[in-house]
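Beneath this line is the structure, given in structure tokens, with notes to follow.
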Amino acid sequence: MSAGGSNRLLTPGEVAAWLKVSEVTVKNKYRVWGLKPQKVGRLLRFRERDVSAYLEENYG
């Protein structure tokens, strides 16, 4: 694990569960929130450290 958080990739569903919002909300709002997606083929994935940083910056 690198400094600053985990590089683990999360699915939109995992991010939604963490933020307690729907998966559709994550898919529609990740750009507004400033979350940079990692594309795996056609699938969206988000780095755990990026979600954690977003929460810290906005709600921390």
- Counting only heavy atoms of the protein chains, get the accessible area per residue of the chain (1.4 Å probe) and round it to a whole Å² value. 71 Å²
- Relative contact order (%) - the chain, alpha-carbon pairs under 8 angstrom, separation at least six: 40 percent
- Message: Check which residues have an amide H placed less than 5 Å from Leu10's amide H, if you skip close sequence neighbours.
- Response: Phe46, Arg47, Glu48
- Lys and Arg at +1, Asp and Glu at -1: neighbours of Glu48 with Cβ under 12 Å from its Cβ sum to +2
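Taking a quarter of the surface of the Cα convex hull of segment 19-60, what do you get in nm²?
So the mean shadow area of the Cα hull is 3.0 nm².
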- Using DSSP to define loop residues, name the trypsin sites (Lys or Arg not before Pro) in the chain whose beta-carbon has at most 10 other beta-carbon atoms within 10 Å. Lys20, Arg42
- Taking protein heavy atoms only, a 1.4 Å probe, and rounding to whole percent, the accessible area of the chain owed to carbon and sulfur comes out at 50 percent
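The values are calculated or read from the model by the stated rules, or taken from the named source; none is laboratory data. None of the values given here were measured: they were computed from a predicted structure. Glycine also receives a Cβ, built like all others from the backbone with ideal geometry; neighbour counts cover every protein chain displayed. Surface accessibility is based on the protein's heavy atoms, side chains included, excluding ligands, DNA and RNA. Shrake-Rupley method; radii C 1.70, N 1.55, O 1.52, S 1.80 Å.
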